[in-house]
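*Asks:* Let me give you the structure first, and then I'll get to my questions.
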Amino acid sequence: MFLAAFHGFAFRRSSFQQLEAELAQPALQHWIGADRAFRDDVLRYSLSGLERGGLERMRVPVNRTLKRNKALDPGRLQGRLVAARDGSEVLSSYSRCCDACLERRVLVRKAGVKVEPLQYYHRAVGCQIVSSPGKPFLAIEWLQPGEGEDTAALRLLEKLPGLYGSRFFDILLLDALATGTPTLRLIGTTRRPSFFARRLRSGTGAQTGRAQRVGSRHQPEAEPARFVSVRHSAIRAPPRR
């Protein structure tokens, strides 16, 4: 089961249905040591019984070892280690659900008629190192039924200092909608790095953003900078030639 799931992860298969179709190939069955093909339900049932606590506990010591061995140093921005906090939808289904599923109505067209079936989905908020070639996740927080992404994001930021301390990274990238008063207050009280960057929109070929220092009266420049500065003011990157 693990090798089958690893195959799907390595080749970026979007669903267990795709993996089920590939498991019909004798070569893949031989590689994973399966006597015959099996359906996606077998994969789900088997993986649901795995103990994930050990993997979760391994994340922090592995990330600490990566930093201690300077594996995260390549790609630093002006000597600073950059992390990003963002949300992502992991999966969705119209027929399968669990107790932790979020629910929504989705407008679709079937046989020329617009309907709004109930869709189940999972969404998570993660904090990830983005400045280094290897981009490990520092922590992941799943959205619970009835709560928004901002609630899970605050819960994630609250537990990061306890896992890594307040100086594991130097810059935290956030979405513009996530830089509200609760987030800024939490960053200040946990003594998190004093600079954050708000991602405003995607430019052509380069991500745009503004740098701002938490707790200061300085306001970012009106024009978005292509790269984030970690000095005491926001500095635009030189124009492209």
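*Asks:* Can you find, among Phe9, Leu23, Leu47, the residue farthest towards the positive end of the dipole of the stretch 1-50? Put +1 on the C-beta of Lys and Arg, -1 on that of Asp and Glu.
*Replies:* Of the candidates, Phe9 comes out farthest on the positive side.
*Asks:* If the cut-off is 29 Å between C-alpha atoms, which lysines fall inside it for Lys159, apart from same-chain ones fewer than 8 positions away?
*Replies:* Cα-Cα hits under 29 Å: Lys67, Lys70, Lys135.
*Asks:* Rg and Dmax in Å for the stretch 1-50, alpha carbons only: what are they?
*Replies:* According to the Cα coordinates of the stretch 1-50, Rg and Dmax are 9.8, 27 Å.
*Asks:* Where Lys and Arg each count +1 and Asp and Glu each count -1, what net charge lies around Tyr120 among other residues with Cβ under 12 Å from its Cβ?
*Replies:* Charge balance in the 12 Å sphere: +1.
*Asks:* I'd like the per residue volume of the convex hull spanned by the Cα atoms of the stretch 81-147, given in cubic angstrom.
*Replies:* For the stretch 81-147, the hull spanned by Cα atoms encloses 123 Å³ per residue.
*Asks:* Here's another thing I want to ask about it. Got a sec to turn the phi values of the stretch 78-94 into Karplus ³J(HN,Hα) couplings, 6.51 cos²θ - 1.76 cosθ + 1.60 with θ = phi - 60°, whole Hz, x for Gly and Pro?
*Replies:* 6, x, 9, 8, 10, 10, 10, 10, 7, x, 8, 8, 8, 7, 8, 7, 9
*Asks:* Taking the Cα centre of the stretch 1-50 as origin, sum charge times position over the Cβ atoms of Lys and Arg (+1) and Asp and Glu (-1), and report the length of that vector in debye to the nearest 20.
*Replies:* It works out to roughly 100 debye.
*Asks:* Could you pull out the GluC sites (Glu not before Pro) across the stretch 1-103 that fall in loop regions by DSSP (anything but H, G, I, E, B) with no more than 16 other Cβ atoms inside 10 Å?
*Replies:* Glu51
*Asks:* Out of the stretch 1-66, which trypsin sites (Lys or Arg not before Pro) are coil in DSSP terms and have no more than 16 other C-beta atoms within 10 Å?
*Replies:* Those satisfying the criteria are Arg12, Arg13, Arg36, Arg39, Arg52.
Any read-out appearing in this document is the output of simple, stated calculations on the displayed coordinates, not a laboratory observation. Remember, it's a predicted structure, so these values are computed and weren't measured experimentally. Using ideal geometry, Cβ is built from the backbone for each residue, glycine included, and neighbour counts are taken over all protein chains shown.
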